[in-house]
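The values are calculated or read from the model by the stated rules, or taken from the named source; none is laboratory data. Since the model is a prediction, treat every value here as computed from it, not as a measurement. Here Cβ is always computed from backbone atoms with ideal geometry, including for glycine, and neighbour counts include all displayed protein chains.
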Amino acid sequence: MQDSRNDTEQGGRKLTRRGLFLGTGAAALLAAGCALFQRFSSTASVKVESFSTPASGQKKRILIITGSGRENGNSDILAAAFAKGAREAGHSVELFSSARTPMLACMHCEKCWSTGKPCVIEDNFEKLWPLLERTDLLVFCSPLYWYNFSGHIKCVMDRLYPYSKKEKLRDLPIKESMLLMCGESHFLRSFTGPAEAYRQTLGFKGWKDRGRLFVTGVHKLGDMAGHPALATAEDMGRNA
């Protein structure tokens, strides 16, 4: 007859209902923890990390292309911090807002250079390409939209196509590049997509990767204000 604790015999050991409940609960928690780890840890082959390389000591012409749709948004603040550090170090810095100076994506019409200019589409790219053609170091600064670059800055990237064709009249003087990004996600793996696209772009163009900065956990307007990453961005600008 069972006693009041409803003990059962198994392998010479008594198991109570409470013990079984606790054991099952612990196993469930362990399984849930493993699932969360697999879901949110970086499992991609691309290593998403922030870093910067030592400066050469030369003064450079730097162009920062921003991708924030909000004026004074978090990525705008990040870009401003980088620009501040770069100017303090004596670099020439220009900023171009891809959201507030919007342009079409590449139409793949294959009419590049047919008019003597890189592109036949008459839009804000006409304001951008002269800046690109006097740039030593190109900096992309974008918010994370749907695990990728913002659509605004992606249009800019697509419009670089004329400088990548075999039939191009001239190439860009750009030799180096940097990537600054921020987003609501608290996990670096969320930046895997743009990090890999950026890496592939550098390899294709032969640009030297001078550094990357990924800032997690910022979403609301002003979340970046006072963020420790701003000091890092300034240092990256000084060491550009």
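Things worth noting here:
- Test: residue in region 217-233 that is at pLDDT 95 or above, surrounded by fewer than 17 Cβ atoms within 10 Å (Cβ to Cβ) and not in a loop (DSSP other than H, G, I, E, B): yes
- Close pairs from region 57-79: first touching a residue at least 40 places away in the same chain (Cβ under 8 Å), partner of a type in the set (Asp, Glu) and part of a strand (DSSP E or B), Cβ under 9 Å, at least 6 apart: Lys60/Glu176; Arg61/Glu94; Ile62/Glu94; Leu63/Glu94; Ile64/Glu94
- Residue in region 179-186 that is at pLDDT 95 or above and closer than 15 Å to Leu202 by Cα present: yes
- Given (1) at negative phi; (2) surrounded by fewer than 22 Cβ atoms within 10 Å (Cβ to Cβ), index of the condition Cys141 fails: (2)
- Restricting attention to region 154-200 and to residues that are touching a strand residue (DSSP E or B) at 6+ places or on another chain (Cβ under 8 Å) and of a type in the set (Ser, Thr, Tyr), the residue that is surrounded by the most Cβ atoms within 10 Å (Cβ to Cβ) turns out to be Tyr198.
- Among the conditions (1) over 23 Å from Lys47 (Cβ atoms); (2) touching a Phe, Trp or Tyr at 6+ places or on another chain (Cβ under 9 Å); (3) free of Cβ contacts under 8 Å to residues at least 60 places away in the same chain, the only one that Pro194 does not satisfy is (1).
- Checking each residue of region 124-134 against the condition of being of a type outside the set (Lys, Arg), within 29 Å of Asn74 (Cβ to Cβ), touching an Asp or Glu at 6+ places or on another chain (Cβ under 8 Å) and in a loop (DSSP other than H, G, I, E, B) gives no match.
- Checking each residue in region 51-90 for being in a helix (DSSP H, G or I) and surrounded by 18 or more Cβ atoms within 10 Å (Cβ to Cβ) picks out Asn74, Ser75, Asp76, Ile77, Leu78, Ala79, Ala80, Ala81, Phe82, Ala83, Gly85, Ala86.
- Of all residues making up region 91-103, the number that are assigned to a loop (DSSP other than H, G, I, E, B) and exposed (fewer than 14 other Cβ atoms within 10 Å of the Cβ): 0
- Taking every residue in region 121-137 that is over 19 Å from Ala240 (Cβ atoms) and pairing it with any residue that is β-branched (Val, Ile, Thr), at least 6 positions away or on another chain, the pairs with Cβ-Cβ distances below 7 Å are Asn124/Thr101; Lys127/Thr101; Leu128/Val156.
- Taken over region 164-196, residues that are in contact with a helix residue (DSSP H, G or I) (Cβ under 8 Å, 6 or more places away or on another chain) and assigned to a helix (DSSP H, G or I) amount to 1.
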